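First the structure, in the form of structure tokens, and then the observations on it.
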Ligand code: ZN
């Protein structure tokens, strides 16, 4: 099995058995961001719960292609239990990886690295980053709120 097959399999596993799927409608402290990718039809809602500067939960719910839905699952696993500021840095490293650029493998760990071949398919870049953009918007808004 070559590395691309392995990556594809990890992506399909997250697509079929997503982690942290389903929104929390009871706890009003979750920050919710909805994003849409018209070029593919992906539709994604991401919820982030930050408590004492720690990302204690990430939820997602959406419809779309396997790249988009699996990357929401990977995002939720990658950001959980991270410091909120580190979360933004991790997201930035993911954008570098998606573009096929060097990234910091100490910051970006786990299944997220399976998307490093996506840059060969430019149309899929928006799919792979949709949930991450939603989480980034949530973390940036929460950081701004904290400064006020
Ligand atoms: Zn897509």
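Need one number for segment 3-66: average projected area of the convex hull over its C-alpha atoms, nm². Provide the component values of the computation, followed by the final result.
Working: hull surface 22.8 nm².
Result: 5.7 nm².
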So what's the angle, to the nearest 10 degrees on a 0 to 90 scale, between helix 66-79 and the longest Cα principal axis of the chain?
50
Here the alpha-carbon Rg of segment 68-139 over 2.2 N^0.38 Å rounds to 0.98
To the nearest 10 degrees, how steeply does helix 3-16 sit against the main Cα axis of the chain, on a 0 to 90 scale?
50
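Grab the Cα-Cα distance for residue 92 and residue 113, subtract it from 0.36 nm times how many residues apart they are, and report the gain in nm with one decimal.
Values: separation 21, 0.36 × 21 = 7.56 nm, distance 1.32 nm.
Taking 0.36 nm per residue and subtracting the Cα distance, the gain is 6.2 nm.
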For the chain, calculated [θ]222 nm from helices alone, where every DSSP H run of n ≥ 4 adds -39500 (n - 2.57):
-15000 deg cm²/dmol
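Residue 85 to residue 148: extension gain in nm, 0.36 nm per residue of separation minus the Cα-Cα distance? All intermediate terms of the calculation are to be shown ahead of the outcome.
Details: separation 63, 0.36 × 63 = 22.68 nm, distance 1.64 nm.
Full extension from residue 85 to residue 148 adds 21.0 nm.
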Exposure-ranked with fewest Cβ neighbours within 10 Å first, 145, 8 stand as 145, 8
Given a Förster distance of 35 Å, report the FRET efficiency between residue 8 and residue 34 from their Cβ-Cβ distance, rounded to the nearest 0.05.
0.80
According to a simple spin-label model (label point 7 Å from Cα along Cα-to-Cβ), what is the distance in nm between residue 105 and residue 26?
4.2
Tail fraction, Cα-Cα pairs, the chain, threshold 25 Å, whole percent:
22
Once Rh for segment 28-99 is found with the Kirkwood sum over Cα pairs, what is the Stokes-Einstein diffusion coefficient at 4 °C and 1.567 mPa s, in µm²/s?
101
FRET efficiency, residue 54 to residue 16 (Cβ-Cβ, R0 30 Å, nearest 0.05):
0.50
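Taken together, the values in this text are just the output of simple stated rules run on the coordinates, not laboratory data. Given the structure is predicted, the values throughout are model-derived calculations rather than measurements. Glycine also receives a Cβ, built like all others from the backbone with ideal geometry; neighbour counts cover every protein chain displayed.
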